[in-house]
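Structure, as structure tokens:
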Amino acid sequence: MDAIAEKTNAASTGEARKTTKPSKSTSAVPKSERLQPLAEGQSSSTTTRVLDDNKVETTFGFKMHKDATERYSKTCIFDFSNVSRAELLELATSNVRITIQGRLRKMGDAALNVAALAAVDVKSEVVDAEKGTTDDLTRAARSFARASNGMVSERDARAILEAQLAKKTK
């Protein structure tokens with residue numbers, strides 16, 4: 001019987017508690033799965049991989065506390081099987097909100113306009129942008145169009161930027 005079961009059994013039967021010495025092994029987790037500290041100055045790259053409709057595997061770095069100097073790399077499998085669609089949207093919105101807050105800070109005074117990023121197409125403006133699937137010119141045109149608060153379309157912004165680039169290269 002393990003130590004936890006012994007303590008639980010002793011508490012429920014009124015018996016005196018038995019104390020057990022911890023095993024010499026530092027963990028019941030196999031050595032290959034234990035966390036190893038990252039080398040000084042090394043960082044863990046964050047990766048995310050969808051395993052199936054409900055599970056996502058992610059690897060990330062962390063410190064045990066904010067003042068710690070040791071960093072570890074951790075791989076977790078997140079199981080979303082029992083999470084409702086509304087709960088998933090709440091979780092996703094937190095990350096999207098942080099991304100949009102950063103963009104608003106970069107916009108300067110243009111962010112003070114109520115229409116600035118009032119409605120966000122998450123797929124094109126956050127997901128695809130984070131993947132880096134668009135070229136620099138397209139990202140600049142999107143930023144230009146957003147900063148103009150609808151006065152300039154993305155297509156027109158791209159044309160303006162292309163014209164400026166053409167002038168510079170002549």
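Here are a few things to note about the model shown:
- When residues in the range 59-99 are screened for being in contact (Cβ under 8 Å) with a residue 24 or more places away in the chain, in a loop (DSSP other than H, G, I, E, B) and of a type in the set (Asp, Glu), 1 of them pass.
- Of all residues in the range 45-58, those that are in a strand (DSSP E or B) have Cβ atoms under 9 Å from Cβ atoms of residues that are loosely packed, with under 12 Cβ neighbours inside 10 Å and among the aliphatic types (A, V, I, L, M), 6 or more apart or on another chain, in Lys55/Ile77; Val56/Val50; Val56/Ile77; Glu57/Val50; Glu57/Leu51; Glu57/Ile77; Thr58/Ile77.
- Any hit, the range 67-78, residues being surrounded by 10 or more Cβ atoms within 10 Å (Cβ to Cβ), modelled with pLDDT under 85 and outside the structural domain of Arg146 (by TED's automatic domain parsing): yes
- Counting the residues of the range 103-138 that are assigned to a helix (DSSP H, G or I) and either touching a Pro at 6+ places or on another chain (Cβ under 8 Å) or surrounded by fewer than 10 Cβ atoms within 10 Å (Cβ to Cβ) (or both) gives 7.
- Against the conditions (1) out of contact with any Asp or Glu (no Cβ under 9 Å at 6 or more places or on another chain); (2) surrounded by 10 or more Cβ atoms within 10 Å (Cβ to Cβ); (3) modelled with pLDDT of 85 or more; (4) polar (S, T, N, Q), Thr99 satisfies every one except (1).
The values are calculated or read from the model by the stated rules, or taken from the named source; none is laboratory data. Keep in mind that what you see is a predicted model, and the values were worked out from it rather than measured. So basically every Cβ, Gly included, is an ideal-geometry build from the backbone, and we count neighbours across all protein chains shown.
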